[in-house]
């Protein structure tokens, strides 16, 4: 608790831990050519397509902590499209104020390839998506809004 409220002034360790781990994630994303990043990518396959898509099953406690912080950091993270193979089209926040499933949930639940990267779905002009079933006019209107 803060000192002005009668506490000892000790910071909330959970918040401090999230901030420290989030700064590590920021460095990880920025340092493409560093040896430590290449080792992490090789061990945890965190570059396929990006750190926010990693699974934490059968990994170390350190990596589970990083992914825990990544889930928290992802809420405020927005990608800039450069390398389109590093950003997931549907699940990463790269357009608008949130990820596409939040904006277009009805389309997301029907689309094939929910974890595909931007490069796999969008060539810069056309979207290449397939759906699990035929869609009606309401879905086509959502699709045209997205395009």
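The values are calculated or read from the model by the stated rules, or taken from the named source; none is laboratory data. A quick note: this is a predicted structure, and the numbers were derived from the prediction, not measured. Because the Cβ atoms are built from the backbone with ideal geometry, glycine has one as well, and the counts that use them run over all protein chains shown.
Take segment 106-139 and flag every residue that is part of a helix (DSSP H, G or I) and either surrounded by 11 or more Cβ atoms within 10 Å (Cβ to Cβ) or modelled with pLDDT under 80 (or both).
Keep residues of segment 106-139 that are part of a helix (DSSP H, G or I), which gives 106-108, 118-121, 137-139.
106, 107, 108, 118, 119, 120, 121, 139 - these are the residues of segment 106-139 that are part of a helix (DSSP H, G or I) and either surrounded by 11 or more Cβ atoms within 10 Å (Cβ to Cβ) or modelled with pLDDT under 80 (or both).
Mind checking which residues of segment 4-20 are in a helix (DSSP H, G or I) and within 17 Å of residue 69 (Cβ to Cβ)?
13, 14, 15, 16, 17, 18, 19, 20
I need the full set of residues from segment 44-66 which are in contact with a helix residue (DSSP H, G or I) (Cβ under 8 Å, 6 or more places away or on another chain) and either part of a helix (DSSP H, G or I) or at pLDDT 80 or above (or both), in order please.
44, 51, 52, 63, 65, 66 - these are the residues of segment 44-66 that are in contact with a helix residue (DSSP H, G or I) (Cβ under 8 Å, 6 or more places away or on another chain) and either part of a helix (DSSP H, G or I) or at pLDDT 80 or above (or both).
Could you tell me whether segment 21-31 includes any residue that is under 20 Å from residue 89 (Cα atoms), in a helix (DSSP H, G or I) and either at pLDDT below 70 or in contact with a strand residue (DSSP E or B) (Cβ under 7 Å, 6 or more places away or on another chain) (or both)?
For segment 21-31, residues under 20 Å from residue 89 (Cα atoms), in a helix (DSSP H, G or I) and either at pLDDT below 70 or in contact with a strand residue (DSSP E or B) (Cβ under 7 Å, 6 or more places away or on another chain) (or both): absent.
Report whether or not residue 76 is on the phi > 0 side of the Ramachandran plot and either in a loop (DSSP other than H, G, I, E, B) or modelled with pLDDT of 75 or more (or both).
Judged against the criteria, residue 76 is not a match.
On the given criteria, is residue 97 closer than 24 Å to residue 71 by Cα and exposed (fewer than 12 other Cβ atoms within 10 Å of the Cβ)?
In short, yes.
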